[in-house]
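Single-structure report; data block below.
Since every read-out is calculated from the coordinates, none of them should be taken as a lab result. Note that the coordinates shown come from a computational prediction; the quantities given were computed from them, not determined experimentally. FYI the Cβ positions are ideal-geometry reconstructions off the backbone, even for glycines, and counts take in every protein chain you see.
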Amino acid sequence: MSAALPGAGPAPAGADGTFWAATAEGRLMLPRCESCAKPFWYPRPFCPRCGGRDLTWSPASGEATVYSYTVVRKARGEYRELTPYVVAYVELAEGPRILTNIVDSDPAEVRIGDPVTLVFDVPVPEEADGGARARLYRFRPAT
């Protein structure tokens, strides 16, 4: 059911280019502020807590819990035939909360507080010009 959710396109450049390039390799990276030592989400060129601009990237463990979710029962476009599916905020073990899908699970069985584990959509062949394809991160129930 969830494996059919659409994937991402070419890896974009810019402030979040490091993030998307890592997803092409099946890695979830988080920006971390060196001034306040906190990881954050979403990627941007400064820390949303202290305004620091000395940022590094570190890998996320891939472990999280469901913070909040909704079950989408009506959709448009390429998602139209894929309902129902779950859109959720998960809280990463590192602290930040990120928006994602919960996959490989019956939407009726998802609950706040459920432990979940990182998975990526199926890799897409590289672009004809050799550019890497970004992959979308999703989470499934932890086993």
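Below, the figures for the structure above:
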read-out: Cα shape, the stretch 17-143, gyration tensor, a/c 1.5 rule; value: oblate
read-out: Distance between modelled label sites at residue 21 and residue 78, nm, 7 Å Cα→Cβ extension; value: 2.4 nm
read-out: Rel. contact order, % - alpha carbon contacts under 8 angstrom, at least six apart, the stretch 26-143; value: 21 percent
read-out: R0 of 22 Å, Cβ-Cβ distance residue 109-residue 89: FRET efficiency to nearest 0.05; value: 0.80
